[in-house]
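What follows is a single structure, written as structure tokens, with notes after it.
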Amino acid sequence: MNRRDWIGAVSAAMFAPPPSPASLETEIVRLKLRHTWTTVMSSSEFRDTLHVRLRRDGITGSGEGAPIVRYKESAASARAAVLSIKDYLEQSDPRAFRKILDEVFRRIPEEWAAKAALDIALMDWVSQKMGVPLYRYFGLDAKDAPLTTFSIGIDTPEITRQKVREAEAFPVLKIKVGLDTDEATLDAVRSVTRKPLRVDANEGWKSKEEAVRKIKGLEGMGVELIEQPLPASMLEEARWMRGKVNIPIFADEACLRAADVPKLAGAFDGINIKLDKCGGVMEAYKMIHTARSLGLKVMLGCMISSSVTITAAAHLSPLVDYADLDGNLLIANDPYRGVTVDKGKLILPQGNGLGLRKA
Ligand code: MG
């Protein structure tokens, strides 16, 4: 090769497009619930989540985001947000995922489920490309994955008892409260089990006095922690309330992303992180370390999702104190298999990336 050919070959290599362009696909998947799911927020028979698949170099990265109605998100709005930056994503090299995610967060206002779906797909792709399970990318040990709770939605005492019996394999339960049926719900649960409980009020108690009264009623009932007793905006009331009760209080709706964490120290004992709420694995990782630096405990929670999101969250779970990663167990038509549960303990899959298989 003469000098001119050599310079031509080098510059062609430097300026050539990536050898295998990426393709990005979206799909809205309707997840059917095993039981009608009722919380303070809503009651439903199914949930639609947005799935994305990022393909390049023969590797497919899978992501999912569950839109949250409270933040005016829908599967359609999440899909529109992803499609708005499809060209940019297909032209980017996913190995530079940090830069891509910064750009995704800059270009997509709100639409956290869309951002979560893209982040999860990128991290699945990148860790497959590196040839490691995602938890290895973070330097974690799968044996440190915690127990997960199984959640019992709000229902009649009879169905609540039946759900608690069905959840026999789980050593800790999460009980949804916050309507005027709270006492009957707890009585129904306690009539069939002595297991430790975590209680989630989903902002359902409307004054600090009501919250203190309800929490006092739960003291001595084997309740490990209570999530979001008061509306998210009532931060000063939460601080007052925490000084009057003896059960640890966790922020969920009051804690969306890393920037929310510092103001919660002193008003809460811990935070509940969800990938759909914060925009994915990398933001969740940032939240975990922010919370730790402030002495806050950490829970990883979820929305109703398939095994894609639940498995992505589970890969971070060796870092946290508590897990509530059961969203995939509440649905009847999960399209994937990933993380599994053995007597409540999260078992991470050993494949590269998220380690997902088609169901
Ligand atoms: Mg919650």
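The values are calculated or read from the model by the stated rules, or taken from the named source; none is laboratory data. Computed from a predicted structure; not experimentally measured. Neighbour counts are summed over all protein chains in view; Cβ atoms, including those assigned to glycine, are modelled from backbone coordinates with ideal geometry. Remember, those area values only see protein heavy atoms, side chains included, never the ligands or the DNA or RNA. Shrake-Rupley method; radii C 1.70, N 1.55, O 1.52, S 1.80 Å.
What value, in deg cm²/dmol to 500, does the helix sum -39500 (n - 2.57) over DSSP H runs of n ≥ 4 give at 222 nm once divided by the residues of the chain?
Details: 13 runs with 129 residues, N = 359.
-10500 deg cm²/dmol, from helical runs alone.
Amide H to amide H, with H built 1.01 Å from N, Ala265 comes under 5 Å of no residue 5 or more places away or on another chain. Of the residues Thr340, Thr309, Thr49, the one that moves most in a GNM of the chain with alpha-carbon contacts below 10 Å is Thr340. Each of Ala313, Val172, Leu354 was scored by the projection of its Cα onto the charge dipole of segment 136-358, and the greatest displacement toward the positive side belongs to Leu354; charges sit on the C-beta of Lys, Arg, Asp and Glu.
Compared with the alpha-carbon gap, the fully stretched path from Arg194 to Glu224 is longer by 9.5 nm at 0.36 nm per residue. Once the C-beta distance of His35 and Lys216 is scaled by a Förster radius of 30 Å, the resulting FRET efficiency is 0.50 to the nearest 0.05.
Classify segment 243-359 from the C-alpha gyration tensor, please: rounded if a/c falls under 1.5, else prolate or oblate depending on whether a/b exceeds b/c. Kindly include the intermediate steps, with their values, before the conclusion.
On the way: a/c = 2.20, a/b = 1.90, b/c = 1.16.
Prolate.
Among Ala312, Ala201, Ala232, which one moves the most in a GNM of the chain with springs linking Cα atoms closer than 10 Å? The residue that fluctuates most here is Ala232. Each of Leu122, Tyr137, Ile85 was placed along the dipole of segment 81-140 (beta-carbon charges, centred on the mean Cα), and the one lying farthest toward the positive end is Tyr137. Near Lys174, the amide H atoms lying under 5 Å from its own belong to Phe150, Ser151, Ile152, Arg198; only residues 5 or more places off or on other chains count, and H is placed 1.01 Å from N. In the chain, the DSSP beta bridges split such that about 50 percent are antiparallel, to the nearest 5.
For a Förster distance of 22 Å, can you work out the FRET efficiency between the beta-carbons of Ala259 and Asp57, rounded to the nearest 0.05? It comes to 0.05.
Spacing of the modelled spin labels on Ala169 and Val69, each 7 Å from Cα toward Cβ, amounts to 2.9 nm.
Label-to-label distance for His289 and Ser42 is 3.4 nm, based on points extended 7 Å past Cα in the beta-carbon direction.
Taking the Cα centre of segment 275-359 as origin and charging only Cβ (+1 Lys, Arg; -1 Asp, Glu), how large is the dipole, in debye to the nearest 20?
Working: 9 positive and 7 negative charges, 35 e Å.
Computed about the Cα centre, the dipole is about 160 debye.
Taking each of Lys195/Lys244; Lys263/Lys297; Lys115/Lys277; Lys174/Lys206; Lys163/Lys343 in turn, the alpha-carbon distance tops 18 angstrom for Lys195/Lys244; Lys174/Lys206.
With all protein chains present, how much of the accessible area of segment 23-131 (probe radius 1.4 Å) comes from carbon and sulfur, to the nearest whole percent? Walk me through the intermediate numbers first.
On the way: 2490 of 4920 Å².
Whole-percent figure for carbon plus sulfur exposure: 51.
Say we join alpha carbon atoms closer than 10 Å with springs in a Gaussian network model of the chain; which of Pro229, Pro248, Pro21 then has the biggest fluctuation? Answer for the Gaussian network model of the chain: Pro21.
Report the FRET efficiency, 1/(1 + (r/R0)^6), for Ser84 and Leu179, where r is their Cβ-Cβ distance and R0 is 35 Å, rounded to 0.05.
Details: r = 38 Å, r/R0 = 1.09.
With R0 = 35 Å, the Cβ-Cβ based efficiency is 0.35.
Along the chain, counting only GluC sites (Glu not before Pro) with a DSSP assignment other than H, G, I, E or B and at most 15 other Cβ atoms inside a 10 Å radius, the longest segment between sites is 220-359. Counted residue by residue at 0.36 nm each, then reduced by the alpha carbon distance between them, the extension gain from Ser20 to Lys345 reaches 113.0 nm.
Scan the chain and hand back the longest stretch that contains none of the trypsin sites (Lys or Arg not before Pro) lying in DSSP loops with at most 10 other Cβ atoms within 10 Å. Write down the numbers at each step before the final one.
On the way: sites that count: Lys72, Arg194, Lys343.
Formally, the longest exposed-site-free interval is 195-342.
Need one word for the chain: rounded, prolate or oblate. Basis is the Cα gyration tensor (sqrt eigenvalues a ≥ b ≥ c); a/c below 1.5 gives rounded, then a/b vs b/c decides.
On the way: a/c = 2.21, a/b = 1.93, b/c = 1.14.
Prolate shape, in that a/c is at least 1.5 and a/b is the bigger ratio.
Per residue, the chain exposes 43 Å² of solvent-accessible protein surface, assessed with a 1.4 angstrom probe and all protein chains in place. When only the Cβ of Lys, Arg, Asp and Glu is charged (+1, +1, -1, -1), the dipole of the chain relative to its Cα centre reaches about 700 debye. Once the Cα-Cα distance is subtracted from the 0.36 nm per residue extended length, the Thr156 to Arg95 segment shows a gain of 16.9 nm.
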